[in-house]
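Below: the structure, in structure tokens.
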């Protein structure tokens, strides 16, 4: 079946003021090994509004960093995309340094899960390997490019602890550069050179195919690796980069998640053929219905139907495309009560012990119709036949598409089943619909909030007005909810954004819970309702509760104290609600309409509230031999640089106090008409140690893990030795031949002389 491409409404053009999710990034790359960690003091936060996420370039500029393309640490090896030796072996060993905040640690682990869900990339805790990544909190967000074959730092500094920003930096570590660095960049975007901060023009250089490669993929405006329009700009309202197709001005620099082409490149580079945690995904667009089978002992069958019939609309395409948009349907308006139909998945093989079955359904028949989820398990003989009932869904008068989540706990091969049961056929005018099934080996969300008629809400509400979610409870018993600001908070600086915040509710368990509640990570996700889980670009925002979160509105008290103590009474729930904490400009309205966030005129928000205290101490010791390659200057070391090579370097990206304060400051680099690295006047410890060949007598210099190693010339008779090939020696065979020849000549001369002397005597 062919699926058509449905056209979305165009965006406004240029004034997309660095949208909801952290924007573009820059580039620089040099490996740097694991180092001891300085701990930064955390100041109190008194504002409950986090505004909007900052661009990576904005974060790094504020930190005083001027890295290669903004956020890359660059050794002499630049072609991370082309050099096979820079590709990682999976799983990648990692360390979460203890100078990271709890929220950053949780966000990094969340980003790992996105890689596992959408690619073959995997990670494991460090166990003494020579190649590994240590995530630390230095100033700014930055990474090396590719596997440097030593311990290498990846900085998640203040303001960088967002899923998409971390994914961006990990993609650098995996070998990727920025999208607008491509050779053909100027065919797709305009660079406004006069608007770029003086001295930062090098961040907009392009590179030839022998340096980077696009892996035979088209230019990607949606790439997570693309700069935002306002990167490195002089004027806050004037962009430095714009798309030649104006509709993409609101897209470039998105910080939601991987784009489809990002994943295509990643999977091509690493030859991925499967993912780690996506077990099943089905939108029923193909005739084979994803390998599902009809039950053989039931009374009826599910029917594979499309959206061409009046009143029957699928969820995948919501009826927008002719000849596409399929779903499974069980008619409950005929036959007898309690007749049932079974739809079974193919046999699945789990790797973990917990799965989440997500699907969309609607029930348009009798309120007594039922949809039941079963699991068919291995009966310990190898046969998948043992049935276990998991959950029931009852019909009601709400005939909209609904999202459902069912937690499974399967450790051996299994099938999942949908059973439709007729309740009252004589009072039914419809049936049960199924569409867009996803089965992942990840936990289901704790709270799910569906907001219907969202287009009307956006039209009718004013800035500052709010919607409150129902009350949810986490596994510990804390009550919580979400506050939605359809047009942002009243005092938000920019319009055209939706705000999102988190609050506590009082609940039935408060008397025995710990207050204030701290070290709980909040993850709020606005779901992109794309049917293919790999291609979803959902917005995820996260923070971790702390005693430092106080507010003057409650006399400096901690926001996360018991709601009945510091909150206000809410009549809708008959409970107390705390102040909310979150983002007044979480996502731009234009981005909501670009993706499938508003499908079926519904906005879906997930929320989780989990204890991550166990992440407080995650750092592990590193053997000395795996730490610091020579010629790299690390935290706490003074670089041995003199004269014109001295100046600002990576250590200024490290925590305050980690450097000798006597080191000199660096002048800004002039980068017009420069190459990718050599012309940047890099400090000595960033350079190739073979840049000025230390080897004498025509010796060849080789860079071995940051150290200059000389390969000396060898001739037929002589060869050179020494650290710099400074000593000449003669091959042993030649020396033996010379000594033997000399001895032979001496003997011959002696014999001739003796013979002559004898004749003279006679």
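Assorted remarks:
- Its residue count N sets the reference 2.2 N^0.38 Å, and the alpha-carbon radius of gyration of the stretch 278-440 equals 1.01 times that reference.
- For the peptides 444-452, 524-532, 130-138, residues were scored by their other Cβ atoms within 10 Å and the scores averaged per peptide; the highest-first order is 130-138, 524-532, 444-452.
- With a Förster radius of 45 Å applied to the beta-carbon distance between residue 198 and residue 90, the computed FRET efficiency rounds to 0.60.
- Taking packing as the residue-averaged number of other Cβ atoms within 10 angstrom, the listed peptides 247-256, 96-105, 547-556 run from highest to lowest as 247-256, 96-105, 547-556.
- A Förster radius of 22 Å, combined with the Cβ-Cβ distance separating residue 298 from residue 429, puts the computed FRET efficiency at roughly 0.45.
- Förster radius 60 Å - calculated FRET efficiency between residue 209 and residue 508 (Cβ-Cβ, nearest 0.05): 0.40
- A crude spin-label estimate for the pair residue 552 and residue 217, with each label 7 Å from Cα along the Cβ direction, gives 4.8 nm.
- Computed label-point distance, nm, for sites residue 268 and residue 289 using a 7 Å Cα→Cβ extension: 3.6
- Spatial extent of the stretch 56-269: Rg and Dmax, with the Cα atoms as the point set, Å: 16.4, 50
- Full extension of the chain segment joining residue 338 with residue 412 gains 23.5 nm, where the gain is 0.36 nm per residue of separation less the Cα-Cα distance.
- Potential extension, residue 399-residue 309 segment - 0.36 nm per residue separation minus Cα distance: 30.7 nm
- Annotation: for a label point projected 7 angstrom from Cα along Cα→Cβ of residue 612, residues of the stretch 112-154 with backbone N closer than 11 Å are 112.
- Cα-projected label distance for residue 187 with residue 721, points at 7 Å along beta-carbon direction, nm: 5.7
- Segment residue 129-residue 573, length gained on full extension (0.36 nm per residue, minus Cα span): 154.5 nm
We did not get these values from a lab; they are worked out from the coordinates using the rules stated. None of the values given here were measured: they were computed from a predicted structure. A quick note on method: Cβ atoms are made from the backbone with ideal geometry, for glycine too, and the neighbour counts reach across all protein chains shown.
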